[in-house]
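Asker: Here it is, the structure in full.
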Amino acid sequence: MTLTEDGVGPGMPAAPRPRLGDKPLTVVSPKSNILQRVVAIWRYRELLVAMTRKELKVQYKDSVLGFLWSMLNPLVGMLVYFFVFQIVLKAGIPRFAIFLMAGSLAWNFFMASVSGACGSIVGNAGIVKKVAFPREIPVLAQLGSNAVQFGFQSLVLIGFMIGFWNGPAVAYLPLLIPALLAIALLAAALGLFLAAVNVRLRDMQHLLAVALQVWFWATPIVYQYERIAGAVQKSHQTVYHVLFFFYRLNPMTPVVLTFQRALYGATSPIGAGGKPVSILPNQAGIWWYLSQLLIVIGVSLLLLFGAMHVFGRREGSFADEL
């Protein structure tokens with residue numbers, strides 16, 4: 001007797017497909033087609049919103065202050081840095097609190113998104129192993145929840161700007177839109193890649209914490225960019241120019257500089273001694289900042305495509321490794 005592909009002969013009833021209860025089994029297999037993955041994420045956008053809300057609620061569950069912690073945490077950190085660098089070390093940067101918070105605002109959004117995304121698949125192991133949905137959703141939910149907290153932290157900065165009578169550079173404020181886009185794309189790319197790797201190598205979260213500490217100090221947040229750039233320009237040693245080249249490859253540097261230029265406002269404010277203090281690139285205009293941001297956005301898009309490909313290849317083994 002000749003059997004068909006279903007393993008039955010002519011006239012024989014087809015074998016029933018495997019079912020779990022009343023629902024057919026859904027096999028999660030890796031898909032490398034990025035367009036299909038994007039479409040799937042869009043179809044599950046309501047789940048993305050729901051998981052974003054869940055992340056926000058879980059983070060402040062049974063907390064008396066609730067979302068106020070989103071503003072208190074960066075506020076306390078800012079006060080500590082302000083005391084150390086402005087009071088103890090005499091950094092000499094006018095309105096240092098505004099300068100620090102402008103850079104910290106961008107960094108905190110990026111750092112929290114990448115850190116949360118790294119452990120998002122492991123943290124949602126129960127639903128990942130039982131329910132069929134785009135596995136990118138938990139990663140993107142971390143980005144969404146931190147975007148909400150970014151909004152609360154922005155209110156703290158606005159309050160300090162009013163208190164210090166520090167007006168923003170209005171012409172540079174539109175640059176915050178591509179700067180935020182750059183943060184989101186870069187955080188999504190790194191988050192997807194790290195989340196996929198962290199399922200197998202659980203040390204990745206600890207390594208990331210160390211790497212982010214180094215990355216923080218490699219970004220001009222608590223010190224002025226021009227101090228580094230000016231010292232390198234005056235130096236004739238090749239090693240310093242090589243190190244500065246790699247320093248400028250930091251994708252968060254132009255993002256932080258944009259936030260500082262738009263919100264802090266001044267490039268060379270007058271210091272306590274009556275002399276201007278070089279803080280931001282003096283000769284850089286709007287187009288310089290925009291070109292730097294576009295480069296970061298372009299590189300982040302390439303990294304995001306690569307991360308989605310790696311994530312798709314690793315997705316099929318998540319259930320076995322969780």
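The values are calculated or read from the model by the stated rules, or taken from the named source; none is laboratory data. Bear in mind that the values here come from a model prediction, so they are computed numbers and not experimental data. Glycine gets a Cβ as well: all are built from the backbone with ideal geometry, and neighbour counts include every protein chain shown.
Asker: Restricting to region 154-169, count the residues that are without any contact (Cβ under 8 Å) to a residue 60 or more places away in the chain and either within 14 Å of GLY103 (Cα to Cα) or in contact with a Gly (Cβ under 9 Å, 6 or more places away or on another chain) (or both).
Answerer: 2
Asker: Now, a different point. In region 246-274, which residues are hydrophobic (A, V, I, L, M, F, W, C), at pLDDT below 90 and not in a helix (DSSP H, G or I)?
Answerer: ALA266, ILE270, ALA272
Asker: While we're looking at this one, here's another question. Given the criterion in contact with a Gly (Cβ under 9 Å, 6 or more places away or on another chain) and under 29 Å from GLY285 (Cβ atoms), identify the matching residue among ALA189, ALA184, ALA218, ALA195.
Answerer: Unique residue meeting the criteria: ALA189.
Asker: Residue check: is VAL156 in contact with a Leu (Cβ under 6 Å, 6 or more places away or on another chain), among the β-branched types (Val, Ile, Thr) and part of a helix (DSSP H, G or I)?
Answerer: Judged against the criteria, VAL156 is a match.
Asker: Same structure, new question: Looking at this structure, is ILE297 under 24 Å from ILE177 (Cβ atoms), in a loop (DSSP other than H, G, I, E, B) and touching a residue at least 60 places away in the same chain (Cβ under 8 Å)?
Answerer: Details: under 24 Å from ILE177 (Cβ atoms): yes; in a loop (DSSP other than H, G, I, E, B): no; touching a residue at least 60 places away in the same chain (Cβ under 8 Å): yes.
No; evaluated as a whole, the condition is false for this residue.
Asker: On the given criteria, is LEU322 closer than 30 Å to ILE121 by Cα, aliphatic (A, V, I, L, M) and either surrounded by 17 or more Cβ atoms within 10 Å (Cβ to Cβ) or modelled with pLDDT of 85 or more (or both)?
Answerer: In short, no.
Asker: Take the residues in region 112-127 that are surrounded by 22 or more Cβ atoms within 10 Å (Cβ to Cβ) and touching a Leu at 6+ places or on another chain (Cβ under 6 Å); name whichever of them is nearest to ARG314 (Cα to Cα).
Answerer: CYS118
Asker: What number of residues within region 179-220 are farther than 26 Å from LEU140 by Cβ and either in contact (Cβ under 8 Å) with a residue 12 or more places away in the chain or in a loop (DSSP other than H, G, I, E, B) (or both)?
Answerer: 2
Asker: So, one more: Quick one: count up the residues across region 73-123 that are of a type in the set (A, V, I, L, M), over 19 Å from the mean Cα position of the chain (by Cα) and farther than 17 Å from LEU155 by Cβ.
Answerer: Here the count works out to 7.
Asker: Further, regarding this structure: Can you tell me which of GLN292, GLN237, GLN205, GLN283 is touching a Gly at 6+ places or on another chain (Cβ under 6 Å) and not hydrophobic (A, V, I, L, M, F, W, C)?
Answerer: GLN205
Asker: Let me ask something else. Of all the residues that make up region 37-72, how many are assigned to a helix (DSSP H, G or I), modelled with pLDDT of 85 or more and not β-branched (Val, Ile, Thr)?
Answerer: 12
Asker: Among the residues that make up region 245-263, is at least one of them over 26 Å from the mean Cα position of the chain (by Cα), surrounded by fewer than 20 Cβ atoms within 10 Å (Cβ to Cβ) and in contact (Cβ under 8 Å) with a residue 24 or more places away in the chain?
Answerer: Looking through region 245-263, none of the residues is over 26 Å from the mean Cα position of the chain (by Cα), surrounded by fewer than 20 Cβ atoms within 10 Å (Cβ to Cβ) and in contact (Cβ under 8 Å) with a residue 24 or more places away in the chain.
Asker: Being at pLDDT below 95, surrounded by fewer than 21 Cβ atoms within 10 Å (Cβ to Cβ) and of a type in the set (Val, Ile, Thr) narrows it down to one of ILE177, ILE137, ILE158, ILE221, so name that one.
Answerer: ILE158
Asker: Which of the numbered conditions does MET308 fail, given that it passes all the others? Conditions: (1) farther than 24 Å from MET101 by Cα; (2) surrounded by fewer than 20 Cβ atoms within 10 Å (Cβ to Cβ); (3) of a type in the set (A, V, I, L, M, F, W, C).
Answerer: With (1) farther than 24 Å from MET101 by Cα; (2) surrounded by fewer than 20 Cβ atoms within 10 Å (Cβ to Cβ); (3) of a type in the set (A, V, I, L, M, F, W, C) applied to MET308, the lone miss is (2).
Asker: Taking the stated definitions as given, is ALA307 more than 29 Å from ALA196 (Cα to Cα) and among the small types (Gly, Ala, Ser)?
Answerer: In short, no.
Asker: Residues of region 275-294 being loosely packed, with under 13 Cβ neighbours inside 10 Å and in a loop (DSSP other than H, G, I, E, B), which ones?
Answerer: LYS275, ASN282, GLN283, GLY285
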